[in-house]
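Okay, so here's the structure we're looking at.
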């Protein structure tokens, strides 16, 4: 499991069965106190998931005692609204007779009702917010729980015991961290809204932002030749670089989609810096391939933490047009960039393109002064040098493998010739 649930490394030693039995007895006491049955505990031990079962019951310590009908009756919320709220949070539907709800669930429903009573949210707005919270928390939960290394000799019972020892500190700490991030992110969103309103943006009017997409070249065929660990390393490295460069230049990562990152930023100059920074970073990285970057600017629709509209679609569509390692921008983006920072960036017009649903459009190559759209310049030279160095390494490895193969083949032939040497009688008989 991840760092939230990580226990001691010294979890399995030869001859440690007494320790294991004592740990299991302790776990039984804790789990029974939290409403688990003996059969559930025995099944979790037999299936090798007792550590996960303990984590589940420690995270939600209340006993599963209510059906959905009982929750509706106790809270006064209609069954239909309760089901919509539950689904919006991303949880699977429960049957009429399933006792899966706890006192914590009752408290959550009553909090939702309290917000409605205060006028903070009506039903539809509350359900929309529940969908955003549910999907975001689901991602956090998946990130917190990574598969245990099945090659590691770790006893789930001892792992669960170690987790219990730190759960009272780690679980509240994680909850406080999530609350802190929520407060800071809401404050940042409020500050952005203040800036937009102070610049005359009317209520309901779409803000004008720079939108960018960066797409890693050749990811699909590459992923087919990598192991799961290697693919995870590539994706993790891609996300690390994207987040560092985007946020470091004042942008916001909207979403990561495997080999693609979407970002928004208020300034086209900052967006251009991000785009060129991404192109340079991936060109210099030994693990990753180049990226293509598309930039556009214009009004966008903000909904549920995501951005929509023609400006977003345009930036995404032009990402695939450029050569690997290049940054392509729309005509509107180019005009705004030349007004904001004409001396910091250079631009070259590309031939007009006919794009489906967008018509004939003029696109521009974006670079720094001294770089050329045809691939010349210091950055392009560095990119080529890095690529040639990687190719040279591959060729050296292939040469070494060929030499090994030839030696093995030569040795095998020598052995066959010696071993097949017949004596006189056999030679004549052949």
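Brief remarks on what is shown
- Taken together, the residues in the stretch 279-296 that are over 18 Å from residue 347 (Cβ atoms) and assigned to a helix (DSSP H, G or I) amount to 4.
- Counted residues, the stretch 186-216 - those being at pLDDT 85 or above and within 26 Å of residue 295 (Cβ to Cβ): 9
- The stretch 78-97 residues that are more than 22 Å from residue 135 (Cβ to Cβ), paired with ones that are outside any helix (DSSP H, G or I) (beta carbon under 8 Å, 6 or more apart): 96/67; 97/67
- Criterion violated by residue 355 - all others in (1) in contact with a helix residue (DSSP H, G or I) (Cβ under 7 Å, 6 or more places away or on another chain); (2) closer than 16 Å to residue 371 by Cα; (3) at pLDDT below 90 satisfied: (2)
- Residues satisfying the stated conditions in the stretch 105-118, i.e. modelled with pLDDT under 90 and either farther than 22 Å from residue 63 by Cβ or out of contact with any helix residue (DSSP H, G or I) (no Cβ under 9 Å at 6 or more places or on another chain) (or both): 111, 113, 114, 115, 116, 117, 118
- Criterion (surrounded by 21 or more Cβ atoms within 10 Å (Cβ to Cβ) and within 30 Å of residue 130 (Cα to Cα)) met by exactly one of 251, 275, 258, 294: 251
- In the stretch 35-59, the residues that are free of Cβ contacts under 8 Å to residues at least 40 places away in the same chain, within 33 Å of the chain's Cα centre (by Cα) and part of a loop (DSSP other than H, G, I, E, B): 47
- Residue within the stretch 377-387 that is closer than 21 Å to residue 216 by Cβ, surrounded by 15 or more Cβ atoms within 10 Å (Cβ to Cβ) and at pLDDT 90 or above present: no
Listed here are the residues, each with its yes/no results for (1) at pLDDT 90 or above; (2) in a helix (DSSP H, G or I).
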{"site": "298", "(1), (2)": "yes, no"}
{"site": "314", "(1), (2)": "yes, yes"}
{"site": "324", "(1), (2)": "no, no"}
{"site": "335", "(1), (2)": "yes, yes"}
{"site": "338", "(1), (2)": "yes, yes"}
{"site": "343", "(1), (2)": "yes, no"}
{"site": "348", "(1), (2)": "yes, no"}
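- For residue 62: the one exception among (1) out of contact with any helix residue (DSSP H, G or I) (no Cβ under 8 Å at 6 or more places or on another chain); (2) at pLDDT below 90: (1)
- In the stretch 236-254 there is at least one residue that is farther than 30 Å from residue 344 by Cβ, out of contact with any helix residue (DSSP H, G or I) (no Cβ under 8 Å at 6 or more places or on another chain) and at pLDDT below 90.
- Filtered by the rule that a residue be buried (at least 18 other Cβ atoms within 10 Å of the Cβ), under 15 Å from the mean Cα position of the chain (by Cα) and within 24 Å of residue 269 (Cβ to Cβ), the stretch 215-245 gives 215, 241, 242.
- Residues of the stretch 63-73 classified as surrounded by fewer than 15 Cβ atoms within 10 Å (Cβ to Cβ) and either touching a strand residue (DSSP E or B) at 6+ places or on another chain (Cβ under 9 Å) or in contact (Cβ under 8 Å) with a residue 60 or more places away in the chain (or both), total: 2
- Filter result (over 18 Å from residue 316 (Cα atoms) and touching a strand residue (DSSP E or B) at 6+ places or on another chain (Cβ under 6 Å)) within the stretch 205-237: 206
- Some residue of the stretch 33-47 being farther than 24 Å from residue 105 by Cβ and at pLDDT below 85: no
- You will find that of 55, 25, the residue that is assigned by TED's automatic domain parsing to the domain that holds residue 93 and surrounded by 17 or more Cβ atoms within 10 Å (Cβ to Cβ) is 55 and no other.
- Some residue of the stretch 302-309 being in contact with a strand residue (DSSP E or B) (Cβ under 7 Å, 6 or more places away or on another chain), closer than 16 Å to residue 366 by Cα and surrounded by 15 or more Cβ atoms within 10 Å (Cβ to Cβ): no
- Subset of the stretch 135-165 (residues that are surrounded by 14 or more Cβ atoms within 10 Å (Cβ to Cβ) and modelled with pLDDT of 85 or more): 156, 157, 158, 159, 160, 161, 162, 163, 164
The values are calculated or read from the model by the stated rules, or taken from the named source; none is laboratory data. Note that the coordinates shown come from a computational prediction; the quantities given were computed from them, not determined experimentally. Ideal geometry is used to build each Cβ from the backbone, glycine not excepted, and the neighbour counts take in all protein chains shown.
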